[in-house]
């Protein structure tokens, strides 16, 4: 698993969205890791070979572990609490710790790239 500082973790239950975002970010030189829910994302961020992304793009509404619970878990671990998060959602809610920006679905490619460039760690 890549641990490069230009890695973006995309957490969304919609595989088509994950793939589209990966295509966009990869074209711009970012490495991309994917997770279908918060539980999968936490697994990627844990352990001896843990992913260290520069940014997390996070969907709010997902099965298994939603974005709100995922953010709560991140805040419990000091090494993860500082990771910048961009919330990607159809909902307007964004009052979560660590959320630097909110992109409303559907979002424009240029808006996505601008937000990632501005908020990455």
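Nothing in this text is a laboratory measurement; each read-out follows from the coordinates by a stated rule. Just so it is clear, the model here is predicted, and its values are computed rather than measured. Cβ placement follows ideal geometry from the backbone for every residue including glycine, while neighbour counts extend to all protein chains displayed.
With a Förster radius of 30 Å applied to the C-beta separation of residue 16 and residue 39, the computed FRET efficiency comes to 0.90. Simple spin-label estimate for residue 114 and residue 28 gives 1.1 nm between the two label positions (7 Å along the Cα-to-Cβ direction from each Cα).
Over the stretch 7-119, Cα pairs under 8 Å with separation of 6+ residues give a relative contact order of 22 percent. Ranked for footprinting exposure by Cβ neighbours inside 10 Å, fewest first, 12, 23 give 23, 12. Once Rg/Rh (Cα atoms, Kirkwood Rh) is calculated for the structure shown, the corresponding label among (i) 1.01; (ii) 0.98; (iii) 0.91 turns out to be (iii).
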